[in-house]
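What follows is a short report on a single structure.
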Amino acid sequence: MNLKFKVLFILTIFNLLAIFMHLFLSRDEIVWDQIVSDQEMEADPGRNERSTPREFILPSTAAVAEAQESKHLALIGINQERCFQVLRAKGYQIVSNALLHNVDLARSLVIEQRAFGVEASGKLNRTIAEKLECLDA
């Protein structure tokens with residue numbers, strides 16, 4: 001039994017050494033020419049633009065997706081609260097202020113987009129925001 005224990009102990013040590021050597025040898029090395037400058041970091045400190053493009057990243061939760069959509073609308077100058085108010089004033093029953101998975105909002109946007117003669121996507125974009133006069137000044 002003592003021999004089996006010694007063999008098992010030696011094999012375990014070899015396996016652990018192999019794992020640590022693999023981890024050590026396969027680590028990523030710093031590529032100095034890819035370090036982001038301070039000016040680029042100030043633009044959006046939470047995002048490395050040299051990593052995976054934004055189009056390929058899926059949000060982790062619906063709340064994150066909602067926040068990203070709100071940030072995107074704010075960047076292109078759309079006041080989403082004002083758009084909701086305009087649509088409600090026109091008689092649409094929009095219960096929630098959520099942008100994603102909001103059937104009432106999508107339905108009202110499609111109707112308005114068709115009425116204005118623009119592409120009916122059901123999404124709040126700059127074209128329909130201009131027509132509804134809910135852009136930030």
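None of the figures in this text is laboratory data; all of them are computed from the coordinates on show. What you see is a predicted model, and the numbers here were worked out from it, not measured in a lab. Backbone-built Cβ (ideal geometry, glycine too); neighbour counts: all protein chains shown.
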*So what does the Cα-only Debye profile of the stretch 76-137 read at q = 0.15, 0.23, 0.29 Å⁻¹, as log10 I(q)/I(0), no solvent term?*
-0.37, -0.92, -1.47
*Qualifying GluC sites (Glu not before Pro) for the stretch 78-134 [loop in DSSP, other Cβ within 10 Å: at most 15]*: GLU119, GLU133
*trypsin sites (Lys or Arg not before Pro), restricted to the stretch 86-137: which are DSSP loop and have at most 13 other Cβ atoms within 10 Å?*
LYS90
*Quick one: which residues, 5 or more positions from ILE78 or on another chain, have an amide H under 5 Å from its amide H? H modelled 1.01 Å from N in the peptide plane, none for Pro or chain starts.*
ASP136
